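First comes the structure, then the notes that go with it.
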Amino acid sequence: TLQASQNGSRATFDGEATTWEDGDELNVEFIDETSSQHLIFTTSDYSQGIFTSTSSAELLQHNYYVIATYSSSSTNLHPAERSAMVTVGDATQTQSDNNDSSHIAELDAMYGSTTAMPDDIHLTMNHTASVLKLNITNATQTDIAAIQSVKITAPHGVSLSGDRTVDFLTGNISGSDGSNTIELTIDSEATYSSTEPFIAWVAAAPFSIAAG
């Protein structure tokens with residue numbers, strides 16, 4: 001049994017907090033000096049962040065490296081390098097309504113690591129994505145047609161999404177491949193109010209832009 005804290009989750013993001021859901025899975029690689037084994041842990045009590053594996057493998061004290069994504073492929077984990085390859089963000093994203101952030105979690109792979117015995121595995125999961133909250137104000141004094149899309153463009157050479165390598169030992173997230181734009185489609189025909197801001201949510205890979 002493995003218990004992951006509520007510090008992060010790929011399941012649901014409501015704009016303030018993240019929570020696990022029934023059926024969530026963790027990719028777990030446990031290793032020692034001579035061998036490693038990949039397991040899938042599935043929620044047994046998602047409200048408490050508790051996951052259980054159905055594997056009959058003998059679990060002794062090991063280093064545990066964990067990622068939570070929508071993919072259960074073991075190739076995402078590279079135990080020899082103590083790293084994992086994950087996809088962060090996407091060049092095309094879809095939001096269903098004003099201030100709806102439910103699409104964010106699937107674009108934000110989680111990772112964590114610990115050394116523990118099998119009956120006492122607790123770890124904190126960490127985010128890979130930077131979450132952007134965009135408050136768009138209608139200054140026309142009248143209601144207008146619904147917003148159809150929002151596009152973010154970074155300077156040339158700055159990647160806003162794509163594959164990234166997570167270093168479990170340092171927590172560093174590296175990689176620069178991917179698009180320098182993110183286009184968020186708004187899948188709603190609701191009128192854009194003159195009194196309330198439209199709030200858009202975007203998940204991006206960590207990035208930096210030079211001053212000026």
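Where a number appears in this text, it was derived from the coordinates with a stated rule and is not lab data. For clarity, every value in this text was computed on a predicted model and none was experimentally measured. Note that we place each Cβ from the backbone using ideal geometry, even for glycine, and neighbour counts take in every protein chain shown.
So here's what we get for this one:
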read-out	value
Over segment 167-212, volume per residue of the alpha carbon convex hull, in Å³	176
Cα-centred dipole magnitude for segment 61-205, charges only on beta-carbon of K, R (+1) and D, E (-1), debye, nearest 20	380
Viscosity 1.306 mPa s, 10 °C: Kirkwood-radius Stokes-Einstein D of segment 127-183 over Cα pairs, µm²/s	111
Cα-based Rg of segment 83-212 normalised by 2.2 N^0.38 Å, two decimals	1.28
Convex hull of segment 95-142 built on C-alpha atoms - directionally averaged projected area, nm²	5.3
Distant alpha-carbon pairs in segment 118-159 (separation over 12 angstrom), percent	81
